[in-house]
Amino acid sequence: MSRIQCPRCLRPQTHCLCPLIPSLDSRTRVLLLQHPSEVNHALNTARLAALGLNRAELIVGEVFEDLSALLNQPGYRARLLFPGEDAQPMQAYADSEEPLLLVVPDGTWRKARKMLHLNPLLAALPRVTLAEGGVSRYRLRKAPGPGALSTVEAIVQALEALEAPTTFAPLLKPFEALIEGQIAAMGEEVYRKNHKQ
Ligand SMILES: [Zn+2]
């Protein structure tokens with residue numbers, strides 16, 4: 001394929017999502033660690049989150065050599081957004097509390113677990129989780145379980161929990177357009193047949 005790509009959102013230039021991507025401020029910093037297998041996925045929602053948040057950074061890799069520098073950012077407490085026995089549900093910041101450096105692995109569950117295995121510093125971070133009951137709008141890819149969210153949706157929920165009552169809904173705009181575009185391209189009928197609940 002030789003279709004011209006937008007260098008920023010990596011969509012074909014005819015379907016560039018950049019005009020829909022916001023530029024949002026947050027107290028929280030977000031560090032997205034993206035498995036290389038996700039980079040060229042049509043629904044690269046981690047990239048949309050990284051572009052739409054002023055305090056977000058996306059790094060692609062499997063082993064992260066400079067992880068200790070990435071995780072030790074003065075003024076922030078690094079926490080891994082990943083399930084685990086001791087994972088704490090996220091709560092709104094108290095006034096004087098140091099904000100989080102929210103570290104978000106992006107990949108399938110298997111790939112994300114492998115990243116943790118290959119990066120002991122990552123696996124050793126205290127973990128945080130989202131409150132139960134998140135409903136995904138991500139209707140295209142089979143979710144691994146009830147309440148499973150796409151990366152950008154998980155980040156929106158996390159930031160809204162930490163920074164309530166601030167809304168981060170504009171971050172979902174390009175994602176929603178992407179989903180609608182994919183459904184339209186597939187044809188509603190095929191979509192319904194393949195994705196019956
Ligand atoms: Zn673009």
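The values are calculated or read from the model by the stated rules, or taken from the named source; none is laboratory data. This structure is a prediction, so every number in the text was calculated from the model and none was measured. FYI the Cβ positions are ideal-geometry reconstructions off the backbone, even for glycines, and counts take in every protein chain you see.
If we scan the range 61-83, do we find a residue that is within 16 Å of Val152 (Cβ to Cβ) and among the acidic types (Asp, Glu)?
Taking the range 61-83 and keeping what is within 16 Å of Val152 (Cβ to Cβ), we get 81.
Now drop any that are not among the acidic types (Asp, Glu), which leaves none.
Checking the range 61-83: not a single residue is within 16 Å of Val152 (Cβ to Cβ) and among the acidic types (Asp, Glu).
Cβ-Cβ below 8 Å, separation at least six or inter-chain, first residue in the range 92-106 and more than 18 Å from Arg127 (Cβ to Cβ), second modelled with pLDDT of 95 or more and of a type outside the set (A, V, I, L, M, F, W, C): which pairs?
What qualifies is Ala92/Glu163.
Could you go through the range 63-84 and let me know if any residue there is within 16 Å of the ligand (Cβ to nearest atom) and either closer than 20 Å to Leu162 by Cβ or in contact with a His (Cβ under 7 Å, 6 or more places away or on another chain) (or both).
Looking only at the range 63-84, we keep the residues that are within 16 Å of the ligand (Cβ to nearest atom), and these are none.
No: zero hits.
Please enumerate the residues belonging to the range 64-93 that are touching a helix residue (DSSP H, G or I) at 6+ places or on another chain (Cβ under 7 Å) and aliphatic (A, V, I, L, M).
Passing the criteria: Leu67, Leu71, Ala78, Leu80, Leu81, Met90, Ala92.
For a quick check of your reading: which strands (runs of 3 or more DSSP E) sit entirely within the range 1-83 and have at least 3 residues that are surrounded by 12 or more Cβ atoms within 10 Å (Cβ to Cβ) and without any contact (Cβ under 8 Å) to a residue 60 or more places away in the chain?
Result: 56-60, 77-81.
For the range 1-35, enumerate the residues that are hydrophobic (A, V, I, L, M, F, W, C), within 16 Å of the ligand (Cβ to nearest atom) and out of contact with any strand residue (DSSP E or B) (no Cβ under 8 Å at 6 or more places or on another chain).
Initial filter on the range 1-35 (hydrophobic (A, V, I, L, M, F, W, C)): 1, 4, 6, 9-10, 16-18, 20-21, 24, 30-33.
In the following step, the residues that additionally are within 16 Å of the ligand (Cβ to nearest atom) were identified as 4, 6, 9-10, 16-18, 20-21.
The answer is Cys9, Leu10, Cys16, Leu17, Cys18, Leu20, Ile21.
Between residues in the range 118-131 that are buried (at least 16 other Cβ atoms within 10 Å of the Cβ) and residues that are basic (Lys, Arg), which pairs lie under 8 Å by C-beta distance while being six or more apart or on different chains?
Leu125/Arg79; Arg127/Arg79; Val128/Arg79
Those residues that are modelled with pLDDT under 95 and over 20 Å from Ser150 (Cβ atoms), I need them from the range 93-123; list them, please.
Ala94, Asp95, Ser96, Glu97
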